[in-house]
Amino acid sequence: MRRILVAVDFSDTTAEVVRWGTDLARALGGSLMLVNVAEPVPDWVVHVGEGPVPTVPQRTDYAQRDLESRLAAMMGIKERLAGENLEVDARVLRGRSSEEIMHAIDEMKPYMIVIGSHRHGALQHLFVRGVGARVVRRAPCPVLVVHPDDRSEASQPPPDAHGSSSSM
């Protein structure tokens, strides 16, 4: 079965990334593997608790709450896909995003990868280099990069009488 790995980051592109992955899996008779990466919690992250006397929980408490929140969000996406007649698995990994996605690719051997792009400016690309760019360079299989304004065919307006999209 052709597995489509869909990298989910809960950004504005997430819905379209999942939609493209779902459309591809359906068209190829494949399955979906939803992957999210929880980056390490920096030492400077502090959360002040509620109540009359503020408390500062352990750093691991914050990391655990973040992980639980991500897992709940991934299960929500998986539940929304329940009616698609697709095999869907979802995982939350811990570590640096590009490295963990590459480990997942090595382990799962996907047929294709779907990942979102945030279209950061040239300055940010110069200093940061996005996760998507790293995955595209290193992936051993095709990678579909979904941009913020990309829409799958199902979500586009119908073509006009001349066969072009009627949206302007």
message: Which of the numbered conditions does Ile77 fail, given that it passes all the others? Conditions: (1) modelled with pLDDT under 85; (2) under 14 Å from the mean Cα position of the chain (by Cα).
response: (1)
- prompt: So which pairs qualify, if the first residue must be in the stretch 8-29 and farther than 15 Å from Gly116 by Cα, the second must be surrounded by fewer than 23 Cβ atoms within 10 Å (Cβ to Cβ) and charged (D, E, K, R), the Cβ gap must be under 7 Å, and the two must be at least 6 apart or on different chains?
  reply: Arg26/Glu84; Leu28/Arg2; Gly29/Arg2
Odd one out for Pro110 among (1) buried (at least 16 other Cβ atoms within 10 Å of the Cβ); (2) modelled with pLDDT under 90: (2)
query: Going by the conditions given, is Ala7 in contact with a helix residue (DSSP H, G or I) (Cβ under 9 Å, 6 or more places away or on another chain), modelled with pLDDT of 90 or more and not aromatic (Phe, Trp, Tyr)?
result: yes
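Yes/no per residue for (1) at pLDDT 90 or above; (2) part of a strand (DSSP E or B); (3) under 30 Å from Tyr62 (Cβ atoms):
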| residue | (1), (2), (3) |
| --- | --- |
| Ile105 | yes, no, yes |
| Val114 | yes, yes, yes |
| Leu126 | no, no, no |
| Gly132 | no, no, yes |
| Val136 | no, no, no |
query: Does Asp160 fit the bill of being at pLDDT below 90, among the charged types (D, E, K, R) and either surrounded by 11 or more Cβ atoms within 10 Å (Cβ to Cβ) or within 22 Å of Asp12 (Cα to Cα) (or both)?
result: no
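The values are calculated or read from the model by the stated rules, or taken from the named source; none is laboratory data. Please read all numbers here as calculations on a predicted model, not as lab measurements. Ideal geometry is used to build each Cβ from the backbone, glycine not excepted, and the neighbour counts take in all protein chains shown.
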